[in-house]
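The values are calculated or read from the model by the stated rules, or taken from the named source; none is laboratory data. Treat the numbers as computed from the prediction; the structure is a model and nothing was measured. Cβ: placed from backbone, ideal geometry, glycine included. Neighbour counts: every protein chain shown. For the accessible areas, the whole protein counts, side chains as well, though only heavy atoms, and no ligand, DNA or RNA atoms are used. Shrake-Rupley method; radii C 1.70, N 1.55, O 1.52, S 1.80 Å.
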Amino acid sequence: MATPNSALQAARLSLQMSQDDLARAVRAAGDRIGRPNSANKRLIQRWEAGTVTAPHPAYARALEAVTGLPVAALGFTVPQARVTDDGHGGHDLEDSPTGIPAAGGATAPRTAPATSYAGVWLSRYEFFSSGRGESFTGAHFVVLIQHGNVLNGRSLPNASLNPESPLTLDLTIDGSVVTGTWTEQTAPDGYYRGARYHGVLQLLVEPTGRRMAGKWVGFGKEMDVNTGPWELVFQDASTSRSVIDSYSRSPEA
């Protein structure tokens, strides 16, 4: 049985796109980058259903152009690139869908949790800026998609305290413990000048199932290990277009 591609679905919803919208955007991106494709709604459905796990390179590159994410972060299996001897003491990498081979594959979910965590959540974390000598809060409205015990999340457009700083979450639920990774791409014209930060995250789910709280771990600019508090607070169980639109705004500080 195919495992649904929740990462791709979360990315699509975060872009406020229907499956038809995404298909049109993928075709347009293919034309722009000189690798035309014939993406349609049925193909998007097959991707999200997990029946197609590795898109053709032309589609993969168009998807990356549309979402701003590498295809491996969109829930697809990326084939390892083959290495050949060039006869001159070096090695040449043959074409792979992203140009960089993916490391490993996702494991199948274990027993599905009884509670559904899908919907819109407010993500908030605190961090200390050594360059500015004070603490700050980062906040995003994120849409979470759940399949079994796996949660994939991505921030909604214009839904962060710092514009153009998309956040991605890949989490696994084990009872009341939620563990996973986070990635944030900072704004090109912001204080961190487009730097990409990532790390790990562990949260405890409160008995209500409507708040998760814990800590993040990540690296600073000087490659020092930093930590801080992080929470996810439930907002709405719906992922309809109207609900997504209503949360595509900056959270209150």
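What is the distance in Å between the Cα centroid of segment 4-80 and that of segment 173-236? Spelled out, the Cα-based centre of one part sits 26 Å from the other.
Simple point charges give the picture: +1 on the Cβ of Lys and Arg, -1 on the Cβ of Asp and Glu, and for segment 1-58 a dipole about the Cα centre of about 140 debye. Volume of the convex hull of segment 24-71 (Cα atoms only), normalised per residue: 66 Å³.
At a Förster radius of 22 Å, what calculated FRET efficiency corresponds to the Cβ-Cβ distance of residue 2 and residue 56, to the nearest 0.05? The formula returns an efficiency of 0.75 here.
Note that segment 11-20 has calculated 3J(HN,Hα) couplings of 5, 5, 5, 5, 8, 6, 10, 7, 5, 5 Hz, one per residue in order, obtained from phi through the Karplus relation 6.51 cos²θ - 1.76 cosθ + 1.60 (θ = phi - 60°); glycine and proline are x.
Going by accessible surface with a 1.4 Å probe and the largest first, 224, 189 read 189, 224.
Put 181, 51, 168 in order of accessible area, highest first, and with a 1.4 Å probe you get 51, 181, 168.
Here segment 179-253 has 55 percent of its accessible surface on carbon and sulfur atoms, given a 1.4 Å probe and all protein chains in place. Annotation: residue 3 carries an accessible surface of approximately 80 Å², with a 1.4 Å probe and no ligand, DNA or RNA atoms counted.
Of the GluC sites (Glu not before Pro) found in segment 122-225, those in coil by DSSP whose Cβ has at most 10 other Cβ atoms within 10 Å are 222.
The order of 196, 12, 210 by accessible area, most exposed first and with a 1.4 Å probe, is 196, 210, 12.
Accessible area per residue was computed with a 1.4 Å probe on protein heavy atoms; residue 41 scores about 90 Å².
Between residue 40 and residue 217, what length in nm is gained on full extension when 0.36 nm per residue of separation is reduced by their alpha carbon distance?
59.7 nm is the gain from fully extending residue 40 to residue 217.
Annotation for residue 28 and residue 252: the two label points, set 7 Å from Cα along the Cα-Cβ direction, are 3.5 nm apart.
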